[in-house]
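Remarks on the structure that follows.
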Amino acid sequence: MHVTHLSLADFRSYARVEVPLDPGVSVFVGANGQGKTNLVEAVGYLASLGSHRVSSDAPLVRMGAERAVIRAAVTQGERQQLVELELNPGRANRARINRSSQVRPRDVLGIVRTVLFAPEDLALVKGDPGERRRFLDELITARSPRMSRVRSDYERVLKQRNTLLKSAAMARRHGGRSMDMSTLDVWDQHLAQVGAELLAQRLDLIATLQPMTDKAYEQLAPGGGPVLLEYRSSVGEGVGAVRSREELYGLLIAALADARKQEIERGVTLVGPHRDDLVLKLGQLPAKGYASHGESWSFALSLRLASYDLLRSEGNEPVLVLDDVFAELDARRRERLAELVAPGEQVLVTAAVDDDVPGVLAGSRYVVSGGEVARV
């Protein structure tokens, strides 16, 4: 799968830009602040309905404009599709596939698939658990777009349950009337049902990703491993050995019951996938706090390379995006990463300096400056 044309209107710094793209490697070179990352960010948005740089859509709309439009022509084998997203901060976004307006934004998921390497990836190793949960859930959705609905359902149920718990906590603190706990029982069931599906998907993903990550780390840093992906659940130990949704549902229900008193005291849900973590280990030690800067980078890159191998093995090779990542790496890791990604069907690279891009990534070159993208 590859993108053959990218069109942006009022997206970030671009009033309007048209960028024809070829398979293979395309490198966008320009000084910082000229809009290189904006281009690949738009491609990534089509794949995930989110940005790797910001958590809301408002910064994606050019200052003074009401909306932004991302449009891409995509080729997969003999099939060609035109996908479009209209971003409307504060209102519902709109989507079109092959010029049909009768689709929801989440219906575009799966048409474009990407694996993104970026300086922010270091947070996968050194950052908070939320960074690693996001990594897992975005990869789950890339594998199975229907999981976008499951994730949305979980967030909705969690919000409703937290509202109920907060009300119960306030009533308790101020000596008000006790809340009917049967209502909370119903939300427990909803949370456990959707949470069990999300948890099962995460556990399956980690089991599949483990050998691929170990292999990628060995390729980037020979002799430096092994690496281990370990799921730490708020439900308790032993969850990793469970695969059936029914068992996970039962574990979640039991854990919610055990935590209810504390949850009512604090007014927040303390059990569920939103409280879990992916523990990354290098040898016997957690990478966070123990791995060197270079080892942390190798681990983060290994997770991305494993994601790419996984998606490719499932029949739809994603677009590889390397956003200003070479400037962050030493010469050895830079060359090894370039050798590993160069055979990709489509590789989009951004760099402030052309010399930062290893020679093995020869291909199309674009100069980005002052809101213009020129092929050279």
Item to check | Per residue, in Å², the accessible surface of region 65-190 once ligands and nucleic acids are set aside, probe 1.4 Å | outcome: 54
Next on the checklist: What's the whole-number percent of alpha carbon pairs in region 265-376 lying beyond 16 angstrom?
Outcome noted: 69
Next on the checklist: Residue by residue through region 70-75, what is 3J(HN,Hα) from phi via Karplus (6.51 cos²θ - 1.76 cosθ + 1.60, θ = phi - 60°)? Round to whole Hz and write x for glycine and proline.
Outcome noted: 10, 9, 9, 8, 10, 10
Checklist outcome for this item: If the label point sits 7 Å along Cα→Cβ of E345, residues of region 121-150 with amide N under 13 Å come out as none
Checklist entry - Over region 59-178, what is the mean sequence separation of C-alpha contacts under 8 Å (at least six apart), divided by residue count, expressed as relative contact order in percent? => result 12
Checklist outcome for this item: To the nearest 10 degrees, the tilt of helix 181-220 (Cα long axis) against the first principal axis of the alpha carbons of the chain is 40
Checklist entry - Roughly what angle does helix 331-341 make with the longest principal axis of the chain, taking Cα atoms, 0 to 90 degrees, to the nearest 10? => result 90
Next on the checklist: I'd like to check one number: the per residue accessible area of region 208-264, probe 1.4 Å, reported in Å² as a whole number.
Outcome noted: 53
Checklist entry - Just for the chain, what percent of DSSP beta bridges are antiparallel, to the closest 5? => result 70
Next on the checklist: Given the DSSP H assignment, sum -39500 (n - 2.57) over each helix run of at least 4 residues in the chain and divide by its residue total; what's the result at 222 nm in deg cm²/dmol, nearest 500?
Outcome noted: -14000 deg cm²/dmol
Checklist outcome for this item: Computed over the chain: longest principal axis from alpha-carbon atoms vs helix 147-173 long axis, angle to nearest 10 degrees, is 40
Item to check | Most fluctuating residue given options K281, K126, K159, as computed from a GNM of the chain linking Cα atoms under 10 Å | outcome: K159
Checklist outcome for this item: Burial-style ranking of 89-101, 106-118, average other-beta-carbon count within 10 Å with highest first, yields 106-118, 89-101
Checklist outcome for this item: In debye to the nearest 20, the charge dipole size for region 22-138, taken about the Cα centre with +1 at each Lys and Arg Cβ and -1 at each Asp and Glu Cβ, equals 300
Item to check | Residue list for region 103-129, given a label point 7 angstrom along the Cα-to-Cβ vector of A352 and an amide N cut-off under 19 Å | outcome: 117-123
Checklist entry - So, with a 1.4 angstrom probe, what is the percent of accessible area on the chain that is carbon and sulfur? => result 48
Next on the checklist: Let's test the formula: R0 of 56 Å, r as the Cβ-Cβ distance of Q219 and R275. What FRET efficiency results, to the nearest 0.05?
Outcome noted: 0.95
Item to check | Rough spin-label spacing in nm, given labels placed 7 Å along Cα→Cβ, for S144 and E66 | outcome: 4.0
Checklist outcome for this item: Per the rule of 0.36 nm per residue minus the C-alpha distance, extending A257 to V186 adds in nm 24.3 nm
Next on the checklist: For the pair A207/A331, report the inter-label distance in nm, with labels modelled 7 Å from Cα in the Cβ direction.
Outcome noted: 4.5
Checklist entry - To the nearest 0.05, what FRET efficiency results for A362 and E237 with a Förster distance of 35 Å applied to their C-beta separation? => result 0.10
Checklist entry - Each label point is 7 Å from the Cα along the Cα-to-Cβ direction; what then is the distance between the points at D128 and A58, in nm? => result 1.9
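Can you give the alpha-carbon Rg of the chain over 2.2 N^0.38 Å, where N counts its residues?
Expressed relative to 2.2 N^0.38 Å, the Cα Rg reads 1.06.
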Checklist entry - Kirkwood Rh, region 204-287, all Cα pairs: how many Å? => result 14.7
Checklist entry - If you find the alpha carbon centre of region 316-334 and of region 76-115, how far apart are they in angstrom? => result 26
Checklist outcome for this item: Whole-Å distance linking the alpha carbon centroid of region 240-301 with that of region 119-147 is 14
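The values are calculated or read from the model by the stated rules, or taken from the named source; none is laboratory data. Just so it is clear, the model here is predicted, and its values are computed rather than measured. Here the Cβ is made from the backbone with ideal geometry for all residues, glycine too, and neighbour counts use every protein chain on show. SASA here: full protein model, heavy atoms, side chains in, ligands and nucleic acids out. Shrake-Rupley method; radii C 1.70, N 1.55, O 1.52, S 1.80 Å.
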